[in-house]
1. Just to be sure before I move on: is residue 35 part of a strand (DSSP E or B), touching a helix residue (DSSP H, G or I) at 6+ places or on another chain (Cβ under 8 Å) and in contact (Cβ under 8 Å) with a residue 60 or more places away in the chain in the structure I sent?
2. Search segment 11-22 for residues that are in a loop (DSSP other than H, G, I, E, B) and pair each with any residue that is surrounded by 14 or more Cβ atoms within 10 Å (Cβ to Cβ) when their beta-carbon atoms are under 6 Å apart and the residues are at least 6 apart or on different chains.
3. If residue 102 meets every condition in (1) outside any helix (DSSP H, G or I); (2) without any contact (Cβ under 8 Å) to a residue 40 or more places away in the chain; (3) over 30 Å from residue 191 (Cα atoms) apart from one, which number is that one?
4. Taking residue 115 as the residue in question, decide whether it is surrounded by fewer than 18 Cβ atoms within 10 Å (Cβ to Cβ), farther than 22 Å from residue 4 by Cβ, outside the structural domain of residue 154 (by TED's automatic domain parsing) and modelled with pLDDT under 95.
5. Looking only at segment 59-74, count every residue that is without any contact (Cβ under 8 Å) to a residue 40 or more places away in the chain and under 21 Å from the mean Cα position of the chain (by Cα) and tell me the total.
6. Being assigned to a loop (DSSP other than H, G, I, E, B), out of contact with any helix residue (DSSP H, G or I) (no Cβ under 6 Å at 6 or more places or on another chain) and at pLDDT 85 or above is true for just one of 97, 128. Which residue is that?
7. Which of the residues belonging to segment 118-128 are crowded, with 18+ Cβ neighbours inside 10 Å and over 18 Å from residue 54 (Cβ atoms)?
8. Is it true that residue 87 is in a loop (DSSP other than H, G, I, E, B) and in contact with a strand residue (DSSP E or B) (Cβ under 6 Å, 6 or more places away or on another chain)?
């Protein structure tokens with residue numbers, strides 16, 4: 001499952017109308033990425049995953065109007081559903097050229113179709129002209145306690161969005177801190193630190 005739904009964000013923010021629904025939908029995956037980058041923690045599941053050096057192929061979807069097709073992954077060697085993957089899951093891809101957080105839209109035995117279109121780079125582990133190496137796809141297990149923090153981060157982007165990469169900014173008692181690609185109130189970001197992994201190298 002995704003970190004949270006639009007309805008959950010609205011509950012935490014005490015929003016009752018639909019004014020910000022589109023923006024909230026847009027910001028949920030951005031906040032997911034920022035949380036993971038800031039924490040150096042991708043919340044990988046050790047139960048539902050595929051870890052392989054061959055067989056996976058990533059295909060960029062068609063972004064042309066009228067013929068849109070989502071990005072998808074195929075696997076020559078394994079069955080995604082037998083591995084435990086399902087539609088609606090967030091997954092993290094480690095290794096290769098398509099690392100990051102994605103959501104599964106639908107699933108067949110050998111094809112995992114994502115919700116994104118045009119984000120993947122075409123890549124095949126069995127390409128004899130380029131060594132891709134090992135790639136791991138894992139279900140993400142988001143802690144429930146992240147939800148209210150993520151909702152505040154979403155609201156910071158909607159209500160007080162500032163362009164650029166802010167490392168630190170202070171105006172009287174208000175301050176923001178860099179987290180991932182965006183800046184958030186420092187008091188909000190500090191709440192994430194219990195899940196933070198130290199970076200090495």
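1. Judged against the criteria, residue 35 is not a match.
2. The qualifying pairs are 20/158.
3. (3)
4. Here the answer is no, as residue 115 does not meet what is asked.
5. Qualifying residue count for the region: 1.
6. After applying the criteria, what remains is 97.
7. The one that is crowded, with 18+ Cβ neighbours inside 10 Å and over 18 Å from residue 54 (Cβ atoms): 120.
8. yes
The values are calculated or read from the model by the stated rules, or taken from the named source; none is laboratory data. Fair warning: this is a prediction, and the values are worked out from it, not measured in the lab. Counting neighbours? That spans all protein chains shown, and the Cβs are built from the backbone with ideal geometry, glycine included.
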